[in-house]
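**Student:** So that we are looking at the same thing, I have put the structure below in structure tokens.
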Amino acid sequence: MNSTQLRVDRVDVWQTDDELTVALGAAGVHIMLIRLRFDGWVDEVINGAGSVAPGPGAWTLIGHELSLEFGPRSAAALDFPRDCRLQLDVSDDAIRLLRAALLEILQCACFVVDTSEGRITN
């Protein structure tokens, strides 16, 4: 994808016995899935075409903007820019749900996240 910023109007989160998944979508189409497989604690990203690659090495969630920093191989496999920015046109409740899920899924990645208590980093 050539765009450095994608718009998201839907955030869904679900958990099964095997995985925790975040789905980010726009206009009824999945843009990406961010998933933690509990078997091996592997985080991965799946693009709208179904390509799978390792998750980002770093991410930020500031206000309504999510930034994912992919390695070169992941970015190429997913056809996303290395610095993938997503504008989240969703409710504050959806942002809170997304934040909680990403903190669990991408816990090994570096992050900066705004919370009601202030900004946290890892």
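**Student:** In the set Val22, Val13, which member is touching a helix residue (DSSP H, G or I) at 6+ places or on another chain (Cβ under 7 Å), open to solvent by 20 Å² or more (accessible area, probe 1.4 Å) and in a strand (DSSP E or B)? Write out each step before concluding.
**Tutor:** Working: Val22 fails: open to solvent by 20 Å² or more (accessible area, probe 1.4 Å).
It is Val13.
**Student:** Also, quick follow-up: Which residue pairs have Cβ atoms closer than 9 Å, lie 6 or more positions apart in sequence or on different chains, and pair a first residue in segment 76-93 that is at pLDDT 95 or above and among the β-branched types (Val, Ile, Thr) with a second residue that is open to solvent by 70 Å² or more (accessible area, probe 1.4 Å) and assigned to a loop (DSSP other than H, G, I, E, B)?
**Tutor:** Close Cβ pairs satisfying both conditions: Val90/Asp9.
**Student:** Could you list, in sequence order, all residues of segment 81-99 that are open to solvent by 10 Å² or more (accessible area, probe 1.4 Å) and touching a strand residue (DSSP E or B) at 6+ places or on another chain (Cβ under 8 Å)?
**Tutor:** Step one: filter segment 81-99 for residues open to solvent by 10 Å² or more (accessible area, probe 1.4 Å), giving 81-83, 85, 87, 89-97, 99.
If the condition is that a residue be open to solvent by 10 Å² or more (accessible area, probe 1.4 Å) and touching a strand residue (DSSP E or B) at 6+ places or on another chain (Cβ under 8 Å), then Arg82, Asp83, Arg85, Gln87, Asp89, Val90, Ala94, Ile95, Leu97, Arg99 are the ones that fit.
**Student:** Here's a follow-up. From the residues in segment 100-112 that are open to solvent by 50 Å² or more (accessible area, probe 1.4 Å) and part of a helix (DSSP H, G or I), which one is nearest to Asp12 (Cα to Cα)? Break it down stepwise before answering.
**Tutor:** If we filter segment 100-112 for residues that are open to solvent by 50 Å² or more (accessible area, probe 1.4 Å), which is where we start, we get 100, 103-104, 107-108, 110.
Of the ones still in play, those that are also part of a helix (DSSP H, G or I) are 100, 103-104.
On the way: Ala100: 12, Leu103: 15, Glu104: 15 Å.
So the residue we want is Ala100.
**Student:** State which residue is farthest from Ala26 (Cα to Cα) when the search covers only segment 43-65 and only residues that are loosely packed, with under 13 Cβ neighbours inside 10 Å and among the aliphatic types (A, V, I, L, M).
**Tutor:** This residue is Ile62.
**Student:** List pairs: first residue in segment 19-43 and modelled with pLDDT of 90 or more, second residue open to solvent by less than 40 Å² (accessible area, probe 1.4 Å) and in a loop (DSSP other than H, G, I, E, B) anywhere in the structure, Cβ distance under 6 angstrom, at least six positions apart or on different chains.
**Tutor:** Asp43/Gly55; Asp43/Leu106
The values are calculated or read from the model by the stated rules, or taken from the named source; none is laboratory data. What you see is a predicted model; the values in this text were computed from it and never measured. We place every Cβ from the backbone using ideal geometry, glycine too, and count neighbours over all the protein chains shown. Heavy atoms of the whole protein, side chains included, go into the accessibility calculation; ligands, DNA and RNA do not. Shrake-Rupley method; radii C 1.70, N 1.55, O 1.52, S 1.80 Å.
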